[in-house]
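Undergrad: Take this structure, written in structure tokens, and hold onto it; I'll ask about it next.
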Amino acid sequence: MTIEIKAPTLPESVPDGTIATWYKKVGDAVTRDELLVDIETDKVVIEVVSPTDGVLQEIMKKSGDTIVSNEAIGSVQEGGASQGKVESAPAATSAPVASNNDGAEAANIISPAARKLMEENSIAPGAIAGSGKDGRVTKEDVVNYLERPATASAPAPAAASKPNPQLSAAEGRIEERVPMSRLRAKVAERLLQASQSTAMLTTFNEVNMQAVMTIRNRYKAEFEKAHDGIRLGFMSFFVRACIEALKRYPAVNASIDGSDIIYHGYQDIGVAVSSPRGLVVPVLRNADNMGLATIEKEIRDFGEKARDGKLAIEEMTGGTFTISNGGVFGSLLSTPILNPPQTAILGMHKIQDRPMAVDGEVRILPMMYLALSYDHRMIDGKEAVQFLVTVKELLEDPTRLILEI
Amino acid sequence: MATQYDVVVIGSGPAGYVAAIRCAQLGFKTACIEKWLNKDSKTVYGGTCLNVGCIPSKALLDSSHKFVEAQHHFEVHGIKTGKVAIDVPAMVARKDKVVTQLTGGVKSLFAANKVDGIAGTGKLVAKDRVVVTDHTGNQQELTATHVIIAAGSVPIEIPPTPIDQQTIVDSTGALDFQEVPKRLGVIGAGVIGLELGSVWARLGAEVTVLEALDDFLPMVDRQIAKEALKILTKQGLNIKLGARVTGSKLTKGSKPSVTVEYTDKDGEQKATFDKLIVAVGRRPFTKDLLADEVGIELDARGFIKVNEKCATNIPNVYAVGDVVRGPMLAHKGMEEGVMVAERLAGKKTQVNYDLVPSVIYTHPEVAWVGKNEEQLKADGVTYNVGVFPFVASGRALAANDADGMVKLLTDTKSDRILGCHIIGASAADLLQQIVIAMEFSASAEDIGLTMFSHPSLSEAVHEAALAANGHAVHIGNKKQRH
């Protein structure tokens, strides 16, 4: 029997997604739980697997097509030694069924006017939940569907078309035109929004990382052994230092919501991570409750998930403060962009030996530039500077973290 | 020794007999108690509807309509008759025959479904016990796991005009006149008053209808009500609105009459009639029905209080039909009877109270379902209107019966059909198509995309649906202004 493949239920904040890649073509044999297709949304890539063993019978939504929550995107003809659960008949997702039957057996019945309207608007059958008797799709259902609020951010028009690069050779010079991926388009939009709607500036400082490096060298092995192979990196120190400083300067931990300022009584630290698809910022929730080992583990897990495209949307929403580490790529100094609605972001950079003046002498010290970009509407220059100085002091003398001074 | 039943139904009117039959079909051991005795003092089933309501009135309406057709509307077809006369006793006898056929039909259905019909007056003495007192005074007790009360309703009497069933009659008496009254007064211009007034007006009576309200048929869409008033007045019904009856005086003798005193906007008035029909409404009948100890709750107007599943406040006791809230219509009672029976069997049947159709069986008929314009305006709904007059219908013109129109109301945004109001020949049957469509949440466009036979009266429904969306073909289209 034919089983429909449906797009997963998208979270409330995500109105629709795009079919990214089909890994199987019509006629291919598939097994239960085998990856069939990737669906890209503004925040994550979602994998859709086969519900059963069989053959991929139909692809209703091609690469580049827009889909909505629970929309039918294809079907699998059940076959082979499949003990897979049969997907139940598509039930109305939200609409009440005012009839004597509890089932939604008529869910594929579409009234004449509804059918006409759907065809006129290129809506695939099965895309709309029916609110009529036994789940029938009424004209009203289609009218409401067509009027549903447009996506919060309209991706660049090019994103909807096929992401196939087009090579054009004009006058012997080859150009490759690639539409922006949805994720990139979204990132681009947010960045633009950040710089246009905030009064952003950056304040700098520098940190002597010797103390931290000494601790790392001394306790690296023991740490790994005690904490199940988790490596003691720099990020955990950065995060803990920031948490401490954020407690002392709550404005840096706050968010702007319209004309209100929200002071958060907790620290959710976003850690900017580079993934093959672009920049993503998973969030360490209630980071204050996390020890160095936990922080390192979480960050490592985030990195893996980002690489595999498996970050969940819940893992990336929220956040009261963000840390970005450009140093891993070799950046010496930069001005990070804010991550709205947060009001500040800390950029860490490459640790580089530099000659520094210490007690009248020149010493070579492992120095790192710190850059704090902040929203001046929220945070005064003095606060920003002092916050950064605090971070510097905590990193240069980690004992202060224990003593909370 | 009490006889045990799964279900005992009190009353065999449409709500009761349908409930009883459905219960029996679902496997319940069922009894149905009926106290009605016909003119021959025999127990007959069918209650008010079959005996003195829906059926006899329709029989007389059809007979009298044919008389009018023969008298006034044959000539245009080229049919020549002499003077057309009416034999009232024969007409009434035919009506009785129809009634007998149908009440006998219910008896057969009871037998076929193994429902025990029990003659007598039923009284609920405990939540699981009914005592039946027959017409000789003997009593028997029935125990029941479930009881369904379908005791129905009776005509309302008003103090100024006490019923004597001779000169001052209620609807029951009005169905048995043995001659056409010269002057007929009707108190109440509701459905029953208009139907009974029509019967005798067609046969030659001078009919005056006294209606206390200032509005004619307030529950009907205004445009349709206005059309109905115009047509009925043209047919000879003298309808006086805002006329409140304050008293009456009977004059006995060889030619009895009654003089009715009423007040209208011009002051106190008097009118004398040979017969007076009191048709001011009906009230639920619960006399000798419920022992106080059982504790069945009634509402302020005397109806048995029930929830949307027709359950009373006492577990396992249900009530359906005219004895409970809602429009006092036989089909509403029937569907409630079915609902209770099926729910007893574990099904999840519901009654859709939003789509109860109503009909006035005058000619032309008036029928409506759903919301009217006034209700939609009050609810703040923006709506479209589609109207198609029968004068533009080929079938209606061919039949020489083109009074009236079909009016469809739809939601402006979703095109969903919200109400339908029809005045015209076969309005009840035409309306039913839309009742079905509304049950399926149809839009006017759905009706528009459906093929209708030509030439048929139903096409008017199709065209009204097209008109609602501004593209009727067989009439000009008006701009929507709602």
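Since every read-out is calculated from the coordinates, none of them should be taken as a lab result. What you see is a predicted model, and the numbers here were worked out from it, not measured in a lab. When we count neighbours, we look across all protein chains shown, and the Cβ atoms used for this are built from the backbone with ideal geometry, even at glycine.
Undergrad: Would you list, by chain and number, the aspartates and glutamates whose Cα falls below 16 Å from the Cα of B:K182, excluding same-chain residues fewer than 8 positions away?
TA: Hits, sequence-local ones excluded: B:D87, B:E206, B:D274.
Undergrad: Follow-up question, since we're still on this one. So, in nm, how far is label A:L192 from label B:K413 when the simple model puts each one 7 Å beyond its Cα toward the Cβ?
TA: Output for this residue pair reads 3.1 nm.
Undergrad: Turning to a different aspect of this structure: So what is the relative contact order of chain A, in percent, for Cα pairs below 8 Å that sit 6 or more residues apart?
TA: Over chain A, the number comes to 14 percent.
Undergrad: Separate question: If you take the alpha carbon radius of gyration of chain B and divide it by 2.2 N^0.38 Å, what ratio comes out, to two decimals?
TA: 1.03
Undergrad: Additional query: Across the residues of B:339-350, average count of Cβ atoms on other protein chains within 10 Å?
TA: What the average comes to for B:339-350 is 1.
Undergrad: Based on DSSP H runs of at least 4 residues, each adding -39500 (n - 2.57), what is the mean residue ellipticity at 222 nm of chain B after dividing by all its residues, to the nearest 500 deg cm²/dmol?
TA: -9000 deg cm²/dmol
Undergrad: If you don't mind, another one. Hey, fewest Cβ within 10 Å first, where do A:E58, A:E361, B:E373 land in order?
TA: Placing the least packed residue first, the sequence is A:E361, A:E58, B:E373.
Undergrad: Compute the semi-axes of the equivalent ellipsoid of chain A, taking the square root of 5 times each eigenvalue of the Cα gyration tensor, and list them largest first in whole Å.
TA: Ellipsoid semi-axes (Å, largest first): 49, 23, 22.
Undergrad: Test of understanding: what is the full-extension gain from B:Y353 to B:Q165, defined as 0.36 nm times their sequence separation minus their Cα-Cα distance?
TA: 64.2 nm
Undergrad: Could you give the Stokes-Einstein D for segment B:188-251 in µm² per second, using the C-alpha Kirkwood radius, 20 °C, 1.002 mPa s?
TA: Reported coefficient: 174 µm²/s.
Undergrad: Assuming R0 = 60 Å, can you tell me the calculated FRET efficiency for the pair B:A378 and B:K80, based on Cβ-Cβ distance, to the nearest 0.05?
TA: With a Förster radius of 60 Å, E is 0.65.
Undergrad: Simple spin-label model, 7 Å along Cα-to-Cβ: B:D264 to A:R231 in nm?
TA: Result for the modelled spin labels: 10.2 nm.
Undergrad: Simple spin-label model, 7 Å along Cα-to-Cβ: A:K247 to A:I364 in nm?
TA: 3.8
Undergrad: Calculate one ³J(HN,Hα) per residue across segment A:267-278 by plugging θ = phi - 60° into the Karplus curve 6.51 cos²θ - 1.76 cosθ + 1.60, and present them in order as whole Hz with x for glycine and proline.
TA: 10, 10, 9, x, 10, 5, 10, 8, 10, x, 8, x
Undergrad: Please give the calculated 222 nm ellipticity per residue for chain A, where each DSSP H segment of at least 4 residues contributes -39500 (n - 2.57) and the sum is spread over every residue; nearest 500 deg cm²/dmol?
TA: It lands at -8000 deg cm²/dmol.
Undergrad: For the pairs A:K225/A:K350; B:K234/B:K371; B:K234/B:K377; B:K407/B:K479, flag any whose C-alpha to C-alpha distance is greater than 23 Å.
TA: A:K225/A:K350; B:K234/B:K371; B:K234/B:K377
Undergrad: While we're looking at this one, here's another question. Quick check: net charge around B:V258, other residues with Cβ under 12 Å of its Cβ, Lys/Arg +1 and Asp/Glu -1?
TA: Result for the neighbourhood of B:V258: +3.
Undergrad: Sequence gap at least 6, Cα distance under 8 Å: using those rules, report the relative contact order of segment B:1-49 to the nearest whole percent.
TA: Reported relative contact order: 39 percent.
Undergrad: If you count, for each residue, the other Cβ atoms within 10 Å and average over each peptide, how do B:411-423, B:248-260 line up from highest to lowest?
TA: B:411-423, B:248-260
Undergrad: Gap in Å between the Cα centre of segment B:406-425 and the Cα centre of segment B:447-471?
TA: The distance from the Cα centre of segment B:447-471 to that of segment B:406-425 comes to 12 Å.
Undergrad: Largest first, please: the extent of the C-alpha atoms of segment B:168-280 along each principal axis, to the nearest Å.
TA: Here the spans come out as 45, 31, 22 Å, largest first.
Undergrad: So which lysines pass the test for A:K62, namely a Cα distance under 27 Å, with those fewer than 8 places away in the same chain ruled out?
TA: A:K6, A:K24, A:K25, A:K43, A:K85, A:K116, A:K139, A:K162, A:K186, A:K305, A:K310
Undergrad: Follow-up. Using only alpha carbon pairs under 8 Å that are at least six residues apart, calculate the relative contact order of chain B and give it in whole percent.
TA: So the answer I get is 14 percent.
Undergrad: Of all the C-alpha pairs in segment B:364-427, what % are more than 20 Å from each other?
TA: Percentage above 20 Å: 33.
Undergrad: Let me ask something else about it. In the neighborhood of B:G386, defined by Cβ-to-Cβ distances under 9 Å, what is the net charge if each Lys or Arg adds +1 and each Asp or Glu adds -1?
TA: Result for the local shell: 0.
Undergrad: Quick one: go through segment B:154-173 and flag any residue whose amide nitrogen is under 18 Å from the point 7 Å out along the Cα-to-Cβ line of B:K240.
TA: Of the residues in segment B:154-173, B:158-162, B:168-169 have backbone N under 18 Å from the label point off B:K240.
Undergrad: While we're on this one: Just flag the trypsin sites (Lys or Arg not before Pro) in segment B:1-90 sitting in loop per DSSP whose Cβ has no more than 12 other Cβ atoms within 10 Å.
TA: Sparse-neighbourhood loop trypsin sites (Lys or Arg not before Pro): B:K39, B:K42, B:K80, B:K83.
Undergrad: A follow-up question, please. Which net charge results when you count Lys and Arg as +1 and Asp and Glu as -1 among the other residues whose beta-carbon is under 12 Å from that of B:G267?
TA: Computed value for this residue: -1.
Undergrad: Under 5 Å between amide hydrogens, which residues at least 5 positions from B:V209 or on another chain qualify, with H placed 1.01 Å from N in the peptide plane?
TA: Counting only residues 5 or more places away or on other chains, the set is B:V186, B:N238, B:I239, B:K240.
Undergrad: Give me B:S426, B:S12 ranked fewest to most by other Cβ atoms within 10 Å of their Cβ, as a rough exposure proxy.
TA: With the fewest neighbours first, B:S426, B:S12 line up as B:S426, B:S12.
Undergrad: Just how far, in whole angstrom, is segment B:261-314 from segment A:222-298 if you go by their alpha carbon centroids?
TA: 75
Undergrad: For segment B:133-207, what's the radius of gyration and Dmax over Cα atoms, in angstrom?
TA: Final numbers for Rg and Dmax: 18.0, 54 Å.
Undergrad: Still on this model: Got a sec? How would B:I187, B:I10 order by Cβ neighbour count within 10 Å, fewest to most?
TA: Listing B:I187, B:I10 from fewest to most nearby Cβ atoms yields B:I187, B:I10.
Undergrad: Now for a different question. Can you list residues whose amide H is under 5 Å from B:I118's amide H, if they're 5+ apart or on another chain and H is modeled 1.01 Å from N?
TA: B:C32, B:I33, B:E34
Undergrad: Give me the distance between the Cα centres of segment A:312-339 and segment B:89-126, rounded to whole Å.
TA: With segment A:312-339 and segment B:89-126 each reduced to a Cα centre, they are spaced 85 Å.
Undergrad: Given R₀ = 45 Å, FRET efficiency for A:A221-A:D260 by Cβ-Cβ distance, to 0.05?
TA: So the FRET efficiency works out to roughly 0.35.
Undergrad: Sketch the reach of a paramagnetic label on B:K230 as a point 7 Å from Cα along Cα-to-Cβ, and name the residues of segment B:418-437 whose backbone nitrogen lies under 14 Å away.
TA: Answer for segment B:418-437: B:423-424.
Undergrad: OK, next. Can you tell me the FRET efficiency between B:E297 and B:N38 if r is taken as the Cβ-Cβ distance and R0 is 41 Å, rounded to the nearest 0.05?
TA: Computed FRET efficiency for B:E297 and B:N38: 0.75.
Undergrad: Please work out the Cα convex hull volume for the protein assembly as shown and give it in Å³ per residue.
TA: In the protein assembly as shown, the Cα convex hull volume per residue is 302 Å³.
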